[in-house]
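So the structure is just underneath, and the comments pick up after that.
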Amino acid sequence: MAANGHPDLEKQRLLLHDHEEKHFTSSEVVRDIIIGVSDGLTVPFALAAGLSGADVTSSIILIAGVAEVAAGAISMGLGGYLAAKSEADHYYRELKREQEEIISVPDIEAAEIAEILAQYGVEPHEYEPVVNALRRNPEAWLDFMMKFELGLEKPNPMRALQSAATIALSYVIGGMVPLMPYMVIPIADKAVLASVGITLVALLIFGFVKGHFTGDRPFRSALQTALIGAVASAAAYSIAKLFRS
């Protein structure tokens, strides 16, 4: 028997120490990559297809495409920055409000701890020591309320910049895929066929990987992603042809 008289607890501690969690913890980065690559593959692809339908040269399509990729990367990156910054601002506003409530109405906040624990099936005689322990540690109390009452995690201070850079870079990488054929094929009608083939393959691969990371069925995700890109490019090409005629 362990010295503290709780062999089961000691055994659980040893098991926890030896257990290696394998949860995926980079969901925010993956989300940013998905946003950037998805739009990067689709928007320049549709633009290039539309311009091809307007019977312009490959060089003009390439110039317009590169300009769009640059503008899109800046716009998407800025959007990611502002979104992450707004999340951080919201967290710190709520943190300040929760700090004030713990000081001004501690009994109400303590009752909220009890209510939260009761929702998990913890009985009053079981959660009372927990409530008292948290009341003795205001910092842990505040952290508990932020996580379990408000469902908010402390943001990474570099999150906004990382999000902006990740989305922008992913957009550029995705956006250059449909433009590559126009770099080497001077005839737009031939370049667009190569662009369609390359981009659809890229969309299938991207959709498969996205499905793997998001928990969706990879093959279905691949087909859906490719279908969206195909429809967007076909629509742009058809509209250009219609106005051209």
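Computed values, structure above
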item	result
Alpha-carbon Rg/Rh ratio, for the stretch 193-237, with Rh computed the Kirkwood way	1.03
Shape of the stretch 54-127, Cα gyration tensor, a/c cut at 1.5	prolate
Helix 124-135 vs. the chain, principal-axis angle (Cα, 0 to 90°, nearest 10)	80 degrees
Zero-based 10 Å bins, Cα pair distances in the stretch 39-175, whole percents	11, 26, 18, 15, 13, 10, 6, 1
Rounded to whole Hz, the Karplus (6.51, -1.76, 1.60) HN-Hα couplings of the stretch 107-114, x for glycine and proline	5, 5, 5, 5, 5, 5, 4, 4
Count, lysine Cα pairs under 16 Å in the chain, 8 or more residues apart or across chains	4
Cleavage-rule hits, trypsin sites (Lys or Arg not before Pro), the stretch 69-172, DSSP coil, Cβ neighbours within 10 Å at most 12	136
Difference of contour (0.36 nm per residue) and Cα-Cα distance, residue 189 to residue 212	4.8 nm
Packing-based order for 175-187, 44-56, using average beta carbon neighbours within 10 Å, highest first	44-56, 175-187
Equivalent-ellipsoid semi-axes of the chain, from the Cα gyration tensor, Å, largest first	54, 22, 14
Of 199, 131, 75, farthest towards positive along the dipole that unit charges on Lys, Arg, Asp, Glu beta carbons give the chain	199
Distance in nm between pseudo-label sites at residue 224 and residue 90 (7 Å out along the Cβ direction from Cα)	2.3 nm
Using alpha carbons only: equivalent-ellipsoid semi-axes of the stretch 98-177, gyration tensor based, whole Å	40, 15, 9
CD proxy at 222 nm, helix term only [per DSSP H run n ≥ 4: -39500 (n - 2.57); per residue of the chain; nearest 500]	-27500 deg cm²/dmol
Portion, in percent, of the accessible area of the stretch 126-245 that falls on carbon or sulfur, probe 1.4 Å	68 percent
For the stretch 132-173 and the stretch 174-245, distance of Cα centres in Å	36 Å
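The values are calculated or read from the model by the stated rules, or taken from the named source; none is laboratory data. Quantities reported herein were computed from a predicted structural model and do not represent experimental measurements. Note: ideal-geometry Cβ built from the backbone for every residue, glycine included; neighbour counts use all protein chains shown. Remember, those area values only see protein heavy atoms, side chains included, never the ligands or the DNA or RNA. Shrake-Rupley method; radii C 1.70, N 1.55, O 1.52, S 1.80 Å.
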